[in-house]
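The values are calculated or read from the model by the stated rules, or taken from the named source; none is laboratory data. All values reported here derive from a predicted model rather than from experimental measurement. Cβ placement follows ideal geometry from the backbone for every residue including glycine, while neighbour counts extend to all protein chains displayed.
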Amino acid sequence: MKKQKPDTYKPDWTPENAGDEFAVRIVKGTESSNQKTTSKAKDIKRKQLSVDDYVNGVLKSDRNILARTITLIESNNPNHHDISQEVLTKLLPHSGNSLRIGITGIPGAGKSTLIESLGMYLIKQGHKVAVLTVDPSSTVTKGSILGDKTRMENLSKEKNCFIRPSPSSGTLGGVTRKSRETITVCEAAGYDVILIETVGVGQSEVTVRSMVDFFLLVLIAGGGDELQGIKRGIMELVDAILINKADGDNEKRANISKADYNNALHYLQPATKGWTPQAYTSSALTGKGIPELWEVIKKFEVTIKKSGFFEQRRKDQSIEWVFRMVEDSLRDEFYNNEKIQKAIKSIKEEITKDKITPTLAAEKLLMIFKS
């Protein structure tokens, strides 16, 4: 009996007279139980979810629905806005029960390794950890170009950890406008420690500082004159400085840097009322200093909760959130206005030819927008 040749499918881009090397073989047969399960899971994933489906899934810590809820929130589709806000309104009473930690630092300081080491330690202590990272965006696709799950390979495998890279979509400083709402959803899903990593490029630190409780700056020793390389504005935002990679031959240099930064912090106004920031050392690679770092963070939490500043800061952040969104909405409305889009080209020409001052140009655009 002649053996039946498997069916083949050749894509549109297949060269003329090409052989099987450009074919995808399709072998007919029965589905295995694993294939059926996978197919069923895909069908569920494709199912259109209701508001209650989103809410109940998040409250049950369903990771698939949690991810879909965050995708819904991040969507710029106007049809998704009302649904996402209804979901968030129902989740809001279940949020706010986490410790929010912002982590920033210079490139190469080992932020991702630190987050993985700290995250693994916290999970072993019984915590549920959510890691929200804000990546530089591709200028073409506006998508995330860094693979956080590959950078945090061990942590990403833990069932009590949820890692969510968020593309910045070109926003100033690389911080998405939806990050706060993502925090709310993760808290409602039962994650009691939220780690937020910034890209560390200036304005993002200010934005993340406005949405976290504790703010950590990660640095390394041996990079020249470190104090000259760090902006005073960033130093004034932090609740602690961590000199990472304090292992091997670098440990001595790390301790010297720690002393230098402690001297510098002494002259700066603390970012948090009632708390004096200090510098510490660690090795995210070996885990040295990680338990001590967590003790510092816990002491910080107890201290500012006792003073009442913890709750007050949360309220102030929510109010700031409102006005930040108003500003964002007005800016979008302004630049999406058809009359403004038509006027901008001629206004630019007038400015470059010195026919109008920048102040008058701005006033002219605002008059067009208001008319």
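Taking the condition of being exposed (fewer than 12 other Cβ atoms within 10 Å of the Cβ) and among the hydrophobic types (A, V, I, L, M, F, W, C), how many residues in the stretch 309-323 meet it? The qualifying residues number 3.
Please report, ordered by residue number, the helices (runs of 4 or more DSSP H) entirely within the stretch 160-258 with at least 1 residues that are farther than 20 Å from ALA271 by Cα and at pLDDT below 65. So that I can check it myself, show each step before the final result.
On the way: elements: 179-188, 203-209, 226-229, 232-235.
Of the helices (runs of 4 or more DSSP H) lying wholly inside the stretch 160-258, those with at least 1 residues that are farther than 20 Å from ALA271 by Cα and at pLDDT below 65 span 226-229.
Give the residue, chosen from LYS288, LYS273, LYS299, LYS306, that is of a type in the set (Lys, Arg) and surrounded by 13 or more Cβ atoms within 10 Å (Cβ to Cβ).
Going through LYS288, LYS273, LYS299, LYS306 in turn, just one is of a type in the set (Lys, Arg) and surrounded by 13 or more Cβ atoms within 10 Å (Cβ to Cβ): LYS288.
Of the residues making up the stretch 71-90, those that are more than 24 Å from SER156 (Cβ to Cβ), touching a residue at least 12 places away in the same chain (Cβ under 8 Å) and not acidic (Asp, Glu) are ILE83, SER84, VAL87, LEU88, LYS90. For the stretch 337-360, the set of residues classified as in contact (Cβ under 8 Å) with a residue 24 or more places away in the chain and surrounded by 13 or more Cβ atoms within 10 Å (Cβ to Cβ) consists of ASN337, ILE340, ALA343, listed by residue number. One residue alone among THR89, THR104, THR133, THR69 is closer than 18 Å to GLY190 by Cα and buried (at least 19 other Cβ atoms within 10 Å of the Cβ), and that residue is THR69. Scanning the stretch 307-327 for residues that are in contact (Cβ under 8 Å) with a residue 60 or more places away in the chain and among the acidic types (Asp, Glu) yields a single hit, GLU320. Look at ALA279 and say whether it is outside any helix (DSSP H, G or I), more than 24 Å from the chain's Cα centre (by Cα), surrounded by 18 or more Cβ atoms within 10 Å (Cβ to Cβ) and aliphatic (A, V, I, L, M). So ALA279 fits the description; yes.
Taking the stretch 60-102 as the range and being small (Gly, Ala, Ser) and part of a strand (DSSP E or B) as the test, only GLY102 passes.
Only one of the listed residues (VAL129, VAL134, VAL58) is within 14 Å of the chain's Cα centre (by Cα), of a type outside the set (Asp, Glu) and at pLDDT 95 or above. That residue is VAL129.
Output yes when any residue across the stretch 328-336 is free of Cβ contacts under 8 Å to residues at least 40 places away in the same chain, assigned by TED's automatic domain parsing to the domain that holds ASN250 and surrounded by 11 or more Cβ atoms within 10 Å (Cβ to Cβ), and no when none is. Taking every residue of the stretch 328-336 in turn, none turns out to be free of Cβ contacts under 8 Å to residues at least 40 places away in the same chain, assigned by TED's automatic domain parsing to the domain that holds ASN250 and surrounded by 11 or more Cβ atoms within 10 Å (Cβ to Cβ).
Condition (residue is modelled with pLDDT of 85 or more and exposed (fewer than 13 other Cβ atoms within 10 Å of the Cβ)) applied to the stretch 13-35: is it met by at least one residue?
Looking only at the stretch 13-35, we keep the residues that are modelled with pLDDT of 85 or more, and these are none.
Among the residues of the stretch 13-35, not one is modelled with pLDDT of 85 or more and exposed (fewer than 13 other Cβ atoms within 10 Å of the Cβ), which makes the answer no.
Residue count for the stretch 137-156 satisfying the condition of being over 22 Å from ARG100 (Cα atoms) and either basic (Lys, Arg) or modelled with pLDDT of 90 or more (or both): 1.
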